[in-house]
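What follows draws every value from the coordinates through simple rules; no lab data is involved. Note that the structure is predicted; figures quoted are calculated from it, not measured. Note that we place each Cβ from the backbone using ideal geometry, even for glycine, and neighbour counts take in every protein chain shown.
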Amino acid sequence: MRTLSWPGPWWKSILLDLNFVMTTKPEEAVPKPSAKASVNVAVVGLGFMGVTHLRAYLAVPTARIAAVCDAARLPVGGVLAGVAGNVKKSDDIHLDREVKVFRKLEEVLADPGIDLVDLCTPTPLHAEQAMAALKAGKNVLCEKPLARTSASAREILQVAESSPGFLMPAMCMRFWPGWSWLQQTVQQGAYGRMLAARFRRVSEKPGWI
């Protein structure tokens, strides 16, 4: 298993990390050059988060959106309509007409040209879909939360242990600039020895509520 931690606030780092063989201990990671010039990505689930991921992939030269998959929301004429989420409605996304369009995950997993399956589906589907993609030999990026229960998460990890691809939960906050600043501040002792800290993340309600 190659289990990765989310490498950055957006997606420029994930394509770099595909060039590494990762262990469960990041400090022991050993770089391994990739023979591929780009990574063929299939985004599964085209709601607000799926659209967000697509927009980020379009900004990464080494990422190629090879396929999209959704049971209901699909691009029309290469255009995927924007959608509202926990921020204002996004603009429409213009995809290459060569991007494959699927309605079922099984179709995505059967495509040998897909390197990375990006799961942006509802949480209850994560465990089943992540395990299916791993068993199919795909690299898997799964939106948070990884699963609804710790038992389901452990089951996913067990499958990942025997799978050739890597599994990566899309936990973006860990590497946001504010957290990096906090880590440096604590390590440098800028305000003395840290005894305790309490944080609260707040945001507006998602647009679909």
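When restricted to Cα atoms, segment 121-209 yields an Rg and a Dmax of 17.6, 50 Å, respectively.
Sorted by mean Cβ packing within 10 Å, highest first, what order do the peptides 72-82, 185-195 take? The partial results should precede the final answer.
Values: 72-82: 13.5, 185-195: 8.8.
In descending order of packing, they fall as 72-82, 185-195.
Spin-label model, Arg174/Met194: points 7 Å from Cα along the beta carbon direction are separated by 1.5 nm.
Computed 3J(HN,Hα) for segment 112-126, one whole-Hz value per residue from the Karplus formula 6.51 cos²θ - 1.76 cosθ + 1.60 where θ = phi - 60°, is x, x, 8, 8, 10, 9, 9, 8, 10, 8, x, 3, x, 8, 4, glycine and proline marked x.
Along segment 39-47 the Karplus relation, 6.51 cos²θ - 1.76 cosθ + 1.60 evaluated at θ = phi - 60°, assigns HN-Hα couplings of 10, 8, 10, 10, 9, 10, x, 10, x Hz to successive residues, with x for each Gly and Pro.
Listed values for segment 127-141 are Karplus-derived 3J(HN,Hα) couplings in whole Hz (6.51 cos²θ - 1.76 cosθ + 1.60, θ = phi - 60°), namely 4, 4, 6, 4, 5, 5, 5, 5, 5, 7, x, 8, 6, 10, 10, and x replaces Gly and Pro.
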